[in-house]
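The values are calculated or read from the model by the stated rules, or taken from the named source; none is laboratory data. Note that the structure is a prediction, hence the values are computed from the model and not measured. Here the Cβ positions follow ideal geometry from the backbone for every residue, glycine too, while neighbour counts run over all protein chains shown. Quick note on the areas: whole protein, heavy atoms, side chains included, nothing else; ligands and nucleic acids left out. Shrake-Rupley method; radii C 1.70, N 1.55, O 1.52, S 1.80 Å.
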Amino acid sequence: MSQRIDQLRAALALEGVGAFLITGPVNRRYLSGFTGSAGWLLITPDEPFLLTDFRYVEQVQQQAPAFTLVECEDLVESLAELLGKLGITEVAVEAGHTTLHEQRRREERMPNVTWSPTNGVVERIRAVKEPAELRVIERAVALADEAFTYILDRLVGRTELEVAFDLEFFMRRNGAERLAFASIVASGASGALPHAVPSERRIEKGMLVTLDFGAVVEGYCSDMTRTVGVGPLDERQRDVYNLVLMAQEAGLKGVRPGRLGKEVDADARAVIEAAGYGDHFGHGLGHGVGMEVHEDPPRLSKRGEATLRPGMVTSVEPGVYIPDWGGVRIEDLVVVTENGCRVLTQSSKELVEL
């Protein structure tokens, strides 16, 4: 954790402010190790503080021993007292992780403090994963791979909801803290919806079925998508599947250090556009994955301006979605290496016909 704090302090120096107030729950955990549901961090050039209430005092002592605990009943009141004691009059705040109500309370209680809004400072540090983080992500990915193997024999004749519940139960029984996100099980025409919600639709012959799911292990997410068929499939279904697979392979080949996210997105998008399906691929190629299932940076999309660096983890997930017909999406997680990328997801991408 000390290395992360040092990186934040370097950012603090660039911002030219006396302290950094961390209110985002994920950033709080990343910097301190504290997993409780309430509390703020105040990072100063000399000392890190963790403000929270009585419920978490012992937990802070166990999980965040490097932080000075400030027990409080009201976060704003305790922050005002602490800043006054330290003589700090300028504080950076996470604009994306605070409410207007909270900020107004701080301004009213501490009118002598200048509040400097920032965006994505900790997220940019989080983007490059440490070796220990990668090992945990690999475990989360392996669990999702196991869940995919498990569910293949349990698709035909069941409803999308039954399959989604079964996926969750398998991952929870085998070590997941929780789901990384609500699982997507989209069969037949529902496959045209990139974020379809599982329904009572029964999975039957002739359908393509898109499965998008992930697990959280020790605070880190996995995310994978496979599209499988319940045979017999027709020629168009196979053609669209093979097209998406080609686009995904182009995207994987394009992931390497020094490239912009939008350049990798363009590599995969060109394959789909050349086949005449460009209007049916409306989302970005991928997104960062770590303590959150959608992180930015990196972002593989038309607007992805961040440069890829070794240690970044991203999804690569092109798709084709055709209204009233269905869709195909194939997704792997990869980690950027010194000269390319390493694919973490190990499940086969050959078209399965059950």
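Quick look at the numbers
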| quantity | calculated |
| --- | --- |
| Condition check for Glu317: of a type in the set (Asp, Glu), in contact with an Asp or Glu (Cβ under 7 Å, 6 or more places away or on another chain), closer than 20 Å to Pro131 by Cα and open to solvent by 10 Å² or more (accessible area, probe 1.4 Å) | no |
| The stretch 156-185: number of residues that are part of a helix (DSSP H, G or I), among the charged types (D, E, K, R) and under 18 Å from Leu208 (Cα atoms) | 2 |
| Number of the condition not met by Val264 [criteria: (1) at negative phi; (2) surrounded by fewer than 16 Cβ atoms within 10 Å (Cβ to Cβ)] | (2) |
| Enumeration of residues in the stretch 128-155 that are surrounded by 17 or more Cβ atoms within 10 Å (Cβ to Cβ) and either modelled with pLDDT under 95 or more than 19 Å from Gly214 (Cα to Cα) (or both) | Val128 |
| Hits in the stretch 322-350 - residues which are hydrophobic (A, V, I, L, M, F, W, C) and assigned to a loop (DSSP other than H, G, I, E, B) | Trp325, Ile330, Leu344 |
| Pairs with Cβ under 8 Å, 6+ apart, first in the stretch 101-128 and free of Cβ contacts under 8 Å to residues at least 24 places away in the same chain, second polar (S, T, N, Q) and open to solvent by 40 Å² or more (accessible area, probe 1.4 Å) | Asn112/Thr89 |
| Scope the stretch 109-126; condition touching a Ser or Thr at 6+ places or on another chain (Cβ under 9 Å) and open to solvent by 100 Å² or more (accessible area, probe 1.4 Å); matching residues | Asn112 |
| Residue check, Glu47 within 16 Å of Gly18 (Cα to Cα), in contact with a strand residue (DSSP E or B) (Cβ under 7 Å, 6 or more places away or on another chain), open to solvent by 30 Å² or more (accessible area, probe 1.4 Å) and not aliphatic (A, V, I, L, M) | yes |
| Given (1) in contact (Cβ under 8 Å) with a residue 24 or more places away in the chain; (2) acidic (Asp, Glu); (3) not in a loop (DSSP other than H, G, I, E, B), number of the condition Glu204 does not satisfy | (3) |
| Residue within the stretch 226-238 that is in a helix (DSSP H, G or I), within 30 Å of Gly340 (Cβ to Cβ) and of a type in the set (Ser, Thr, Tyr) present | no |
| Any hit, the stretch 244-258, residues being in contact (Cβ under 8 Å) with a residue 40 or more places away in the chain, touching a Gly at 6+ places or on another chain (Cβ under 6 Å) and either open to solvent by less than 20 Å² (accessible area, probe 1.4 Å) or in a helix (DSSP H, G or I) (or both) | no |
| Residue in the stretch 276-283 that is open to solvent by 20 Å² or more (accessible area, probe 1.4 Å), within 18 Å of the chain's Cα centre (by Cα) and over 27 Å from Ala176 (Cα atoms) present | yes |
| Residue that is basic (Lys, Arg), at pLDDT below 95 and either surrounded by fewer than 17 Cβ atoms within 10 Å (Cβ to Cβ) or within 25 Å of the chain's Cα centre (by Cα) (or both), where the choices are Arg55, Arg9 | Arg9 |
| Residue in the stretch 247-255 that is farther than 30 Å from Arg135 by Cα and over 18 Å from the mean Cα position of the chain (by Cα) present | no |
| From Gly16, Gly33, residue being at pLDDT below 95, surrounded by fewer than 20 Cβ atoms within 10 Å (Cβ to Cβ) and either out of contact with any Ser or Thr (no Cβ under 7 Å at 6 or more places or on another chain) or not acidic (Asp, Glu) (or both) | Gly16 |
| Members of the stretch 39-83 that are assigned to a helix (DSSP H, G or I) and either among the β-branched types (Val, Ile, Thr) or without any contact (Cβ under 8 Å) to a residue 24 or more places away in the chain (or both) | Phe54, Arg55, Tyr56, Val57, Glu58, Val60, Gln61, Gln62, Val76, Glu81 |
